[in-house]
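These notes concern the structure reproduced below.
The values are calculated or read from the model by the stated rules, or taken from the named source; none is laboratory data. Model, not experiment: these values are computed from the prediction. Here the Cβ is made from the backbone with ideal geometry for all residues, glycine too, and neighbour counts use every protein chain on show.
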Amino acid sequence: MSDENSKPDTGTPETAAKLAESLAAEPARQGEAADAAAPDAAETGADVAALETEIAELKDRLLRVAAEMENTRKRAERDKADATRYAAANFARDMLQVADNLRRAIGTLKDDEREGADESVKAMVEGVEMTERQLLSIFERHGIREITPQAGERFDPNLHEAMFEVPGSGHPAGTVVHVLEGGYMIGERLLRAARVGVAKAEGAEKGASVDTTA
């Protein structure tokens, strides 16, 4: 094939002029197309950013709702456990009077035993003591435990109730010297404070008072 056949046919001078105009206008048309596409790309980028922001907000809201639901579930389980644990609190508080009476009976019977009582009194003491141990064992099985202080222990306003002060006890002021009724806890709650008498301040400590507030 000759070089003459490979050259474009420009035809007449008019055709050549039109071809030249077309070639000269081509960069302008490409620029117009690029300018027209630029706003579309900007709008698409803005839409993507808006969608990403909305997704982030929805994700954060979902996480907050899930956390709140989990807290609600745990709170409901805790309330249910507390209701089960403390449902018998009023009944248990009434039963403490039975424990008090058993303890008083044991004290009285032991006084009689010391005075030379016969075998029947000894047997009665053993029976009442066994009943008290059984009652305390039932208490413990239901989460009730005794917190009765010993003489000489420091008065604790969170667990003890001071009923009177005892002068000349020989104990430091504010310590327990006498127990009227034992104290009990049910679970982590105070069922009944121990009712006690405390040592009264004397001498250099006179005028000091026992702090009975929690």
Point to revise | Top-ranked residue in the stretch 138-156 [being modelled with pLDDT of 90 or more and under 17 Å from ALA201 (Cα atoms); ranked as surrounded by the fewest Cβ atoms within 10 Å (Cβ to Cβ)] | key: ARG154
Practice item. Considering every residue within the stretch 114-125, establish whether at least one is over 30 Å from ARG85 (Cα atoms) and either modelled with pLDDT of 90 or more or not assigned by TED's automatic domain parsing to the domain that holds ARG93 (or both). Key: no
**Study point:** Failed item in (1) in contact with a Gly (Cβ under 9 Å, 6 or more places away or on another chain); (2) free of Cβ contacts under 8 Å to residues at least 60 places away in the same chain, with ARG103 passing the rest
**Key:** (2)
Exercise for review: Please state which one of GLY174, GLY183 is closer than 26 Å to VAL198 by Cα, crowded, with 16+ Cβ neighbours inside 10 Å, under 30 Å from the mean Cα position of the chain (by Cα) and assigned by TED's automatic domain parsing to the domain that holds ALA201.
Suggested key: GLY183
